[in-house]
Amino acid sequence: MKKILLIMLSIMFVVLSCKSAANPLDSKRTGKFVSKKTVSADSYLVVEVTPGGGFELYYSDTEKGDLPMDGKKNTVTGDDMRGKDPNYTFQTGVMAGSLQFISDNVLKITVTFNDGSGSLKDVLCYSTTK
């Protein structure tokens, strides 16, 4: 009985300690993507892909995706990314969600903020650089 319990505990430990490997965004994914509609008050959602395979998420008061005066950005690094092109998931200490590239010019993002301040579901963002 002790051996069975020990084996079960060992298996549970292995399963719980396994974490999928990081998978940064594909290097062909570049640029800035901005929502066509406002998502929060009068702000547009901006997803700006960074060279390290991650992205920066922030609100902009223009359709061009200009950085706001307060300069607040949420950063997701390549190490926070999981999945395979074109479908990714991400999780940081601030937020979690999914990112899907529908084409080279369009992506769909879903974000939940860990502080309970809200979430964004299936927001379509369009490239401003292509």
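Some points to look at:
- The simple spin-label model puts a point 7 Å past each Cα toward its Cβ; for Asp70 and Thr112 those points are separated by 2.4 nm.
- (1) 7.7; (2) 12.6; (3) 9.7, with the label sought being that of the calculated mean projected area of the Cα convex hull in nm²: (3)
- For Asp42 and Thr77, a Förster radius of 35 Å and the Cβ-Cβ distance give a FRET efficiency of 0.75, rounded to the nearest 0.05.
- This model, with +1 at the C-beta of Lys and Arg and -1 at the C-beta of Asp and Glu, gives region 82-125 a dipole about its Cα centre of some 100 debye.
- Mean separation of Cα contacts under 8 Å (6+ apart) over length of the chain, as relative contact order %: 21 percent
- Structure-based [θ]222 nm, the chain - -39500 (n - 2.57) summed over DSSP H runs of at least 4, per residue, nearest 500: -4000 deg cm²/dmol
- A simple spin-label model places pseudo-atoms 7 Å from Cα toward Cβ; at Leu124 and Asp61 they are separated by 2.8 nm.
- Computed from Cα positions, the angle between helix 2-17 and the longest principal axis of the chain comes to roughly 10 degrees.
- Reach of Lys73 by Cα under 29 Å, taken over lysines that are not fewer than 8 positions away in the same chain: Lys19, Lys28, Lys32, Lys36, Lys37, Lys64, Lys84, Lys108, Lys121, Lys130
Each value in this text was obtained by applying a stated rule to the coordinates, not by laboratory testing. None of the values given here were measured: they were computed from a predicted structure. Please note: Cβ atoms are built from the backbone with ideal geometry, for glycine as well, and neighbour counts cover all protein chains shown.
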